[in-house]
Structure formats: C-alpha cells, structure tokens
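Scroll down for the structure; my scribbles are underneath it.
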Amino acid sequence: MVQDQTQIDVLTGLSGRRAFDSSLQTAITLAETGNNPLSLAFIDVDRFEELNREFGHKGGDRVLKSLADALSSLGANARPIRYGGDEFAVIFENCEREQAFLRLEAVRATVEKLSIQFDGGDISPGMITISGGVAAYPIDGSSLNELFRKADGALYRAKSTGRNKIALAYEERMSPKTSHYTLTQLERLGELAKEQGVGEAVLLREALDDLLSKYKHSFQILDRH
C-alpha cells in the first residue's frame, strides 16, 4: 500500500504525527484479532534544546535525521514515526516489550556513539543521547489511550532518573494520598506547579474546569430561575 505523502515528515522521511493514531489503532485491532503481542515506544533526544543552541537548527536537524536513520534500522515489523519536535514513536507489531526494549537499547547505544560533522561544527560521540519508554499490548494497556499513557510514563521515568536509558512500563499503583491519581501523575503535577509558581490545587481545578467544559454538551442544563 502506498502511503499518503501528506503523512510523511519532510525532514526525516518517516511517517509523521498525522499517521500515528490511525496506525496504532489499526495495530491494536490486528493484535487483538490475531492474539499477537504489540509494543509501543516513545523516544526523544536528551537535552535537545542545548544541542540546538550550541549547533544551531541545522545541527539539530542533523541530529534528528541521524536518530530517524537509526530507528529505521529496527526491522520490518517496527514502524518509526516522528511524533513531533525531537520526540519519536515506534510501533512494534508482533513484538513482546522485552524484545522491543532490547532493540531500542541497541539503537540507544548506536546513537551515543554517533559523530556528526557539518559546516556548523562537529558533534562528537557522547554528545547525543536518547531516552525511551516501552509499553506492550495487552499487558500494559488494552486501548490506544492506555498504551500511550504507559509508554509516555515510562519515557518520563527514563528522563527523570538520569536520561540515556530505555525504561519499561510498570504496573501503576495509586498514591497513598489519594485513590484518583498515580504516583507518576502526582510527580509531574508537582513539577508543573513549581514551574508555573502556583499551587497544585489550582492546576487541578483548572484541569477539571477544562474537562467539564469539554463535555458540557453531555449535560442537561436546568434553569432554576
């Protein structure tokens, strides 16, 4: 099947963000029908903004293209996608998460050794590192949203525990403080509150207002006057 060219990322030649949701949903449906494993990974470049500042956008583009090339070597059952900015996704069909982990770990090691020479400077081995998170259907999630969240959470954990590593999703437990949020969600909430200089409760109320606004058409508004 010839892919829609509007779904191709011009810089990397990979599938672009527009192709992600439909590709993942199709892969989940096929995995469910055939009772086959499926893995999803999110990968991004560590400290990409620093590389951009030091080597300019031309250097940043070379880094992204080099990472895309490395991901393209993952094999026929792996579909790498440029998700946006310096973040990439890979859909591994008929692939257990441990297998996906090992293949991405090999890419991580390859990227760490990359040397890039261009007219704007030289990027030496060790200057480019990546972090990634891997989740699998159905053990980590049986829906697109759940699988997405678990893989994204694993990426966050890889970044927050030192970078330059690939992390597997793990069973989420609710915080002892509350039965409504996971520990990862609370950690991210705390960081965001600190960054924005507001209380966590303020952000939670804002999020709840947004949620209610999104689904307001589902409510029957009663005029009590």
Please verify whether the stretch 28-40 includes one or more residues that are surrounded by 15 or more Cβ atoms within 10 Å (Cβ to Cβ), within 15 Å of the chain's Cα centre (by Cα) and in a strand (DSSP E or B).
yes
Residue that is surrounded by the fewest Cβ atoms within 10 Å (Cβ to Cβ), among those in the stretch 128-150 that are modelled with pLDDT of 95 or more and within 11 Å of residue 42 (Cβ to Cβ)
131
Checking residue 61 against (1) modelled with pLDDT of 95 or more; (2) not in a helix (DSSP H, G or I), the condition it does not meet
(2)
Which one is farthest from residue 129 (Cα to Cα), of the residues in the stretch 69-118 that are loosely packed, with under 15 Cβ neighbours inside 10 Å and hydrophobic (A, V, I, L, M, F, W, C)?
76
Only one of (1) assigned to a loop (DSSP other than H, G, I, E, B); (2) modelled with pLDDT under 95 is not met by residue 125, so which one is it?
(2)
With 22, 39 as the choices, which residue is among the hydroxyl-bearing types (Ser, Thr, Tyr) and touching a Cys at 6+ places or on another chain (Cβ under 8 Å)?
39
Kindly indicate the residue of the stretch 78-96 that is charged (D, E, K, R) and under 15 Å from the mean Cα position of the chain (by Cα) and also nearest to residue 152 (Cα to Cα) among those meeting that condition.
87
Is it the case, given these coordinates, that residue 89 is small (Gly, Ala, Ser) and assigned to a strand (DSSP E or B)?
yes
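Does residue 189 satisfy the condition of being at pLDDT 75 or above, among the aliphatic types (A, V, I, L, M) and farther than 30 Å from residue 99 by Cβ?
On the way: at pLDDT 75 or above: yes; among the aliphatic types (A, V, I, L, M): yes; farther than 30 Å from residue 99 by Cβ: yes.
Spelling it out, residue 189 is indeed at pLDDT 75 or above, among the aliphatic types (A, V, I, L, M) and farther than 30 Å from residue 99 by Cβ.
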Only one of (1) at pLDDT 95 or above; (2) over 13 Å from the mean Cα position of the chain (by Cα) does not apply to residue 168, and that is (2)
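The values are calculated or read from the model by the stated rules, or taken from the named source; none is laboratory data. Just so we're clear, the structure is a prediction, and the values are computed from it rather than from any experiment. All Cβ positions, glycine included, derive from the backbone under ideal geometry; neighbour counts span all protein chains shown.
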